[in-house]
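As structure tokens, the structure follows; a few thoughts come after it.
Rule-based calculations on the coordinates, nothing more; no lab input. Please read these numbers as outputs of a predicted model, since none were measured by experiment. Backbone-built Cβ (ideal geometry, glycine too); neighbour counts: all protein chains shown.
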Amino acid sequence: MVMWTALAWILTPVLAIKFGYLGVAYATAIIALSSGIPVIIVHRLTHFSISNSFAKPALATLVMLMPSLFITDIFFNLIVSLLLFTITIYFLVGNQLLVDVRRFYHVLVKKA
């Protein structure tokens, strides 16, 4: 968080003065691209699977996107997208999805 705050405070004014409105967009893009740095650091420390963390949700998102391009009713689009994403993630991840949902629910109940 400190890194992103510093980048925002430094890059945004400098690039805005140099490039105007586009400078703000450039600064935002650079800050967004720097989001990969914590992932690299955490991966080195914990050796988690990047493919499980990124590839499976990305594939489910692509499956969800396909019918969304053709459905114009926003409510129906939301329902279809939610169902497709959930079913695709379940097929990719298996019962681990249910375990994670239960774990998340129990954490929410404890905080309430």
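Some observations on this one:
- J(HN,Hα) series, segment 81-92, from Karplus relation 6.51 cos²θ - 1.76 cosθ + 1.60, nearest Hz, glycine and proline x: 5, 4, 5, 5, 4, 4, 5, 5, 4, 4, 5, 7
- Across the chain, Cα pairs under 8 Å and at least six residues apart give a relative contact order of 15 percent.
- Backbone HN-Hα couplings from phi across segment 34-42 [Karplus 6.51/-1.76/1.60, Hz, Gly and Pro as x]: 6, 5, x, 4, x, 4, 5, 5, 5
- Using only Cα coordinates, the Kirkwood hydrodynamic radius of the chain works out to 17.7 Å.
- For segment 49-111: rounded, prolate or oblate by the Cα gyration tensor [a/c cutoff 1.5]: oblate
- Ordering Val14, Val63 from the fewest to the most neighbouring beta carbons within 10 Å gives Val14, Val63.
- Working note: Karplus 6.51/-1.76/1.60 with θ = phi - 60° gives segment 61-76 the couplings 5, 5, 4, 5, 5, 3, x, 5, 5, 10, 8, 8, 6, 5, 5, 5 Hz, where Gly and Pro are set to x.
- Semi-axis lengths, largest first, of the ellipsoid equivalent to segment 2-42 are 22, 10, 5 Å, with √(5λ) applied to each eigenvalue of the Cα gyration tensor.
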